[in-house]
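Read through the structure below, which is laid out as structure tokens, and then see the notes.
What follows draws every value from the coordinates through simple rules; no lab data is involved. This one's a predicted model, so the numbers in the text were calculated from it and none came from an experiment. Here the Cβ is made from the backbone with ideal geometry for all residues, glycine too, and neighbour counts use every protein chain on show.
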């Protein structure tokens, strides 16, 4: 058996043989963010502070070579090899860390796809540092050069290493922002 220790709380969970860290934490009632459960999205990326683990097969876009060298792992595929595995996850009371929102992040529109006559998908890439977010969060979209009224849209993708955000925007007849996206963004 392996002990999974959560830092900074110091709480410990016993892992069963063959279980991934994600399975162990979920079985103990902890809600580690995850999505694909296959080493492809990077949502369950956590820094391992102590111990050895088998990372398993994961995609480089989800866990870069630099991140591996810094001790990060994807908990959906990570299986402990040592008697103790300490991970940097949660707060002092072992609750998930919430990332404070960044205000007024400039993004470039890198793609616009017409999904249906009423729904356009736009892909935004932040200029500078990637935006960290939880699935289900939303962003306010505007164009400050044209005084477009800010409008909130839910993020339609899991976090990515490059920080790209996907928004799916439904055209609303009187919607200034949705009409701007549909008529002027190309």
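Structure notes:
- Calculated FRET efficiency for the pair residue 52/residue 162, C-beta based, R₀ 30 Å, to 0.05: 0.55
- Using only the C-alpha atoms, the convex hull of the chain corresponds to 134 Å³ per residue.
- Computed extension gain for residue 113 through residue 82, at 0.36 nm per residue and net of the alpha carbon distance, reaches 6.4 nm.
- Extended-chain gain in nm, criterion 0.36 nm per residue less alpha-carbon gap, residue 31 and residue 105: 23.8 nm
- The length gained by stretching the chain between residue 60 and residue 3 to full extension, at 0.36 nm per residue less their Cα-Cα distance, is 17.8 nm.
- Share of pairwise Cα separations in the range 2-88, more than 18 Å, in percent: 34 percent
- Residue order, fewest to most beta carbons within 10 Å, for 138, 153: 138, 153
- Each of 118, 125 was scored by other Cβ atoms within 10 Å of its Cβ. Listed from fewest to most, they are 118, 125.
- Normalised by the number of residues in the chain, the average gap of Cα pairs under 8 Å and 6 or more apart makes the relative contact order 19 percent.
- Here the Gaussian network model covers the chain, with springs between Cα atoms less than 10 Å apart; of 73, 42, 175, 175 fluctuates the most.
- In the elastic network of the chain, a GNM with C-alpha springs shorter than 10 Å, the most mobile of 113, 169, 131 is 113.
- The label-point distance for residue 154 and residue 176, in a model that sets each label 7 Å from Cα toward Cβ, rounds to 2.5 nm.
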